[in-house]
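Single-structure report; data block below.
The values are calculated or read from the model by the stated rules, or taken from the named source; none is laboratory data. These figures come from a predicted structure and were not determined experimentally. When we count neighbours, we look across all protein chains shown, and the Cβ atoms used for this are built from the backbone with ideal geometry, even at glycine. In case anyone asks, the SASA skips ligands and DNA or RNA and just uses the protein heavy atoms, side chains included. Shrake-Rupley method; radii C 1.70, N 1.55, O 1.52, S 1.80 Å.
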Amino acid sequence: MTMLSYNYKKLKKQRFLILVIGILLFALAVLKLGTIYYKIRYMNQGEKLYKENSLVLSEEYFQKSNNIKYFDYKDELINDRLTELAHVTETKAKLKALSKRALPAGEKNDISELLDIYNTYNADKAKIEKQGDEAEHKIFIEAADFYEVEDNIKTAFLDYKNRLIKDMRGKISKNDFKDKKFKSDLLSIPAEYYGDEEKKHNEIEGYYKEYDHAMLGHMFKNSPYSSILDEAVKIIQANKQHKMDSSWVEEEMLSYLKGVFGKDKAYVSYRAFADHAAYYESSFQAEFNKSKRAEIKSLLKQYTDSFLEDGRAYINGKEYAKAVELYEALAGYADTGHLIKEAQIKWIEEEPQKMLVDKYGNKMFDNMSVIKDKWDSGVSVIASDVSGGMSTLILCMQKKDASIIDMTTEVFNDGTSIKGIAVKSEYNESHPFILAEGTSDLRNSKYVLYQIAEDGFKEIFRAEADDLALLADGTIEVSNPVGQFEGLLSYYQPADGYYRLSFVEIKGYKDLMAHIQSKPEYGFIMNLNIVDVIEGTDKALSIINESLDDSHGDRYIILEHSGGFKTGNAVVAGYYTGDEQLYIDSEYLKIIPKIKVTKIGDGKR
């Protein structure tokens with residue numbers, strides 16, 4: 001390469017650089033000239049609009065001119081105008097911010113944000129109008145139009161409304177009725193975006209009916225009875241609140257309820273019917289109009305009466321279990337308490353042993369007796385528990401109100417078995433005693449006598465003897481008891497809630513003397529021959545009917561009784577009270593016992 005060619009290329013590069021620099025400088029010059037042009041133009045346009053009182057646009061042009069900093073042109077005037085139009089700048093800033101929020105809020109389905117924008121704008125607008133400053137009102141309106149505030153808010157609301165309706169119908173097509181927020185959002189959209197209040201009401205009413213009708217139709221096939229009634233109540237009450245028509249809901253619910261109750265009747269589902277009817281009356285009945293309410297009431301009465309007739313048929317056929325089951329099933333709706341009691345009473349009257357089986361189903365019973373109209377009960381049953389070692393006594397009583405009272409008692413704890421149970425009404429016809437008779441190795445039986453109290457069996461006497469009898473005067477007579485009075489008759493009378501020894505049989509004079517010498521608290525009973533009634537007194541002379549060596553009086557005793565005496569043989573019950581001197585024909589013989597007589601018999605036990 002020659003020096004000449006090298007210098008040529010170098011020169012060429014320099015020329016290119018100079019050209020580029022020149023172009024850039026020209027471009028900068030043009031740009032500057034352009035900015036100068038626009039600054040001047042904006043300023044002049046702003047001043048023109050200012051003079052025309054178009055202050056919003058004037059402020060906009062002054063702001064644009066002020067934003068160009070490369071050239072000074074009437075900056076002092078621009079600043080003065082912007083200072084003067086500061087209130088316009090502030091109003092524009094507020095409305096610009098509202099306008100910028102509107103469309104994004106609608107796209108985000110943020111009804112709260114949209115309403116805040118709408119309310120803020122209208123509140124500011126109303127405030128300006130209320131102040132009555134036409135200039136400020138003109139500035140506000142021009143600024144709102146400049147930023148298209150009302151158009152953007154309207155667009156946001158309408159777009160959101162359309163999305164809500166589209167979403168609602170999409171959910172209907174999918175049978176998705178969980179989220180009902182669209183209802184409140186539709187109501188929240190201001191009436192002006194529907195046309196007016198009437199158009200808003202009618203349009204929303206149509207959407208509500210479209211949605212609720214589809215929802216109920218789906219629920220009728222897939223949801224529980226109570227959920228359907230609850231949802232229908234919500235629909236009707238919401239419609240009332242918003243003054244919307246609910247007649248179509250009532251018609252659909254009337255048809256649905258007739259179907260439910262009719263199915264219960266057809267399938268003889270007593271409990272289902274009672275549950276359905278009771279829930280209807282407690283939750284939905286009030287939502288029906290008068291005629292529909294009366295129609296369902298009549299239907300329920302018809303079905304209820306029919307079911308109750310079934311119950312009466314069961315009782316007449318002695319199918320008491322079915323009758324009770326039916327009445328109990330209906331109890332949640334109808335007043336069947338008295339019918340349940342009636343059926344239970346008749347059931348127990350027919351099968352008294354049921355009381356034992358119901359309470360003690362795992363036990364075996366013996367010595368069973370059915371007792372009627374005792375202890376303020378209609379029917380009672382008493383038995384011994386075979387599975388419990390034959391020593392347990394069980395009594396079940398059905399009271400007049402059909403309640404069952406049961407009681408048990410362990411009669412013997414020594415291995416003795418109950419071999420017999422007797423109801424003893426000698427002393428009290430309506431509240432008899434229960435006599436349990438057990439096995440005995442020493443005598444014929446062991447006896448335990450019970451009084452029936454509210455809190456259970458109350459033992460009032462116990463003995464082991466050959467026989468036990470309840471006498472008409474309320475005394476218990478025991479024959480040949482085990483113990484002190486073996487071979488004799490002993491007598492017991494009530495004292496402090498228990499039968500205690502009152503008299504013991506005496507068979508001879510020697511035994512009487514032994515009895516007197518022991519000075520017991522109880523008395524005696526023996527056969528005597530009353531030989532002389534002492535005139536003018538309540539005394540008599542008696543002789544014991546036995547042969548003794550002493551012929552002068554060892555067999556005599558003095559008897560004293562307020563009721564008087566007759567001569568002859570008698571059975572006398574009494575107590576020794578002391579001694580008395582015996583005189584015959586004024587001749588003193590000896591001191592003999594004196595007996596206070598309490599009872600006199602005719603010599604026959």
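Observations on the model:
- Residue check for ALA294: part of a helix (DSSP H, G or I) and within 15 Å of ALA331 (Cα to Cα): no
- Test: residue in region 149-164 that is open to solvent by less than 30 Å² (accessible area, probe 1.4 Å), assigned to a helix (DSSP H, G or I) and aromatic (Phe, Trp, Tyr): yes
- Criterion: among the aromatic types (Phe, Trp, Tyr), closer than 28 Å to LEU95 by Cα and either free of Cβ contacts under 8 Å to residues at least 24 places away in the same chain or surrounded by 15 or more Cβ atoms within 10 Å (Cβ to Cβ) (or both) - qualifying residue of TYR193, TYR208: TYR193
- Check on GLN493, modelled with pLDDT of 90 or more, surrounded by fewer than 18 Cβ atoms within 10 Å (Cβ to Cβ) and assigned to a strand (DSSP E or B): yes
To keep it simple, each residue is scored yes or no on (1) touching a Ser or Thr at 6+ places or on another chain (Cβ under 6 Å); (2) of a type in the set (A, V, I, L, M); (3) modelled with pLDDT of 85 or more.
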| position | (1), (2), (3) |
| --- | --- |
| LYS74 | no, no, no |
| ALA93 | no, yes, no |
| LYS100 | no, no, yes |
| LYS127 | no, no, yes |
| GLU136 | no, no, no |
| PHE146 | no, no, no |
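- Test for LEU582: is it among the aliphatic types (A, V, I, L, M), surrounded by 16 or more Cβ atoms within 10 Å (Cβ to Cβ), modelled with pLDDT under 80 and assigned to a strand (DSSP E or B): yes
- Cβ-Cβ contacts under 8 Å between residues 6 or more apart (or on different chains), taken from a first residue in region 115-139 that is of a type in the set (Val, Ile, Thr) to a second residue that is loosely packed, with under 14 Cβ neighbours inside 10 Å, are listed as ILE139/HIS87.
- Residues of region 355-391 satisfying the condition of being open to solvent by 30 Å² or more (accessible area, probe 1.4 Å), at pLDDT 85 or above and in contact with a strand residue (DSSP E or B) (Cβ under 6 Å, 6 or more places away or on another chain): LYS359, PHE365, ASP366, ASN367, MET368, SER369, VAL370, LYS372
- Within region 226-237, the set of residues being touching a residue at least 40 places away in the same chain (Cβ under 8 Å) and open to solvent by 30 Å² or more (accessible area, probe 1.4 Å) comprises SER226, ASP230, GLN237.
- Of all residues in region 531-550, none that is more than 23 Å from GLY563 (Cα to Cα) and open to solvent by less than 50 Å² (accessible area, probe 1.4 Å) has its Cβ atom under 8 Å from the Cβ atom of a residue that is modelled with pLDDT of 85 or more and not aliphatic (A, V, I, L, M), 6 or more apart or on another chain.
- Of ASP245, ASP275, all but one fail to be of a type in the set (D, E, K, R), at pLDDT 95 or above and under 30 Å from ASN202 (Cα atoms); the exception is ASP245.
- Evaluating ALA402 against the criteria (1) surrounded by 17 or more Cβ atoms within 10 Å (Cβ to Cβ); (2) out of contact with any strand residue (DSSP E or B) (no Cβ under 6 Å at 6 or more places or on another chain); (3) farther than 30 Å from VAL357 by Cβ leaves one unmet condition, (3).
- Once region 464-490 is narrowed to residues that are touching a Phe, Trp or Tyr at 6+ places or on another chain (Cβ under 7 Å) and touching a residue at least 40 places away in the same chain (Cβ under 8 Å), the residue that is surrounded by the most Cβ atoms within 10 Å (Cβ to Cβ) is LEU470.
- Applying the criterion of being open to solvent by 20 Å² or more (accessible area, probe 1.4 Å) and aliphatic (A, V, I, L, M) to the residues of region 416-462, the residue that is farthest from ILE394 (Cα to Cα) is LEU442.
- Options ASN109, ASN175; residue that is touching a residue at least 24 places away in the same chain (Cβ under 8 Å), in a loop (DSSP other than H, G, I, E, B) and either exposed (fewer than 15 other Cβ atoms within 10 Å of the Cβ) or in contact with a Pro (Cβ under 7 Å, 6 or more places away or on another chain) (or both): ASN175
- Each residue in region 238-287 was checked for being in a loop (DSSP other than H, G, I, E, B) and surrounded by fewer than 17 Cβ atoms within 10 Å (Cβ to Cβ), and 6 of them qualify.
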